[in-house]
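Heads up, the thing below is written out as C-alpha cells.
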Amino acid sequence: MPKYRCVIANDGTGDVLSIGYDEKQGGRDYHGIGKWSEFTFSEMPKIPADVEAKLNPPMPRSVLKVPDSTAVNPIVVKTVVEIETELGGK
C-alpha cells in the first residue's frame, strides 16, 4: 500500500499545498513555499460528500506543476477547468 506526505505552507497557516508519494523527503524544502511533512499517511484525504454538496458552484480542483528546476518561476498552478479548456475542453 502506498504512503503519502503533504507539503505544509511556510506562511504559518498550516495549509496543505500539495500531496505526493512518500519518498523519505520529510522536512525537506518544497520550492521555497513549504516543507514536506514529517508524518505519512496511507489514504488520500477526501472532501466529505456533505461538505462538497454545500459548495456552489463546486470548488474547482487545482493542479500544481513544476516544469523544471531552472525555470524563473518553476511553479505553475492551474485549475482542472483551465487545463480541460487548453486541451479542447469537456
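The values are calculated or read from the model by the stated rules, or taken from the named source; none is laboratory data. For clarity, every value in this text was computed on a predicted model and none was experimentally measured. When we count neighbours, we look across all protein chains shown, and the Cβ atoms used for this are built from the backbone with ideal geometry, even at glycine.
For region 21-41, filtering for residues that are among the polar types (S, T, N, Q) and closer than 10 Å to Cys6 by Cβ leaves 2. Scanning region 74-89 for residues that are surrounded by fewer than 12 Cβ atoms within 10 Å (Cβ to Cβ) and either touching a helix residue (DSSP H, G or I) at 6+ places or on another chain (Cβ under 6 Å) or at pLDDT below 70 (or both) gives Val76, Val77, Gly89.
Residue-level analysis places Gly20 among those that are surrounded by 10 or more Cβ atoms within 10 Å (Cβ to Cβ), modelled with pLDDT of 75 or more and under 13 Å from the mean Cα position of the chain (by Cα).
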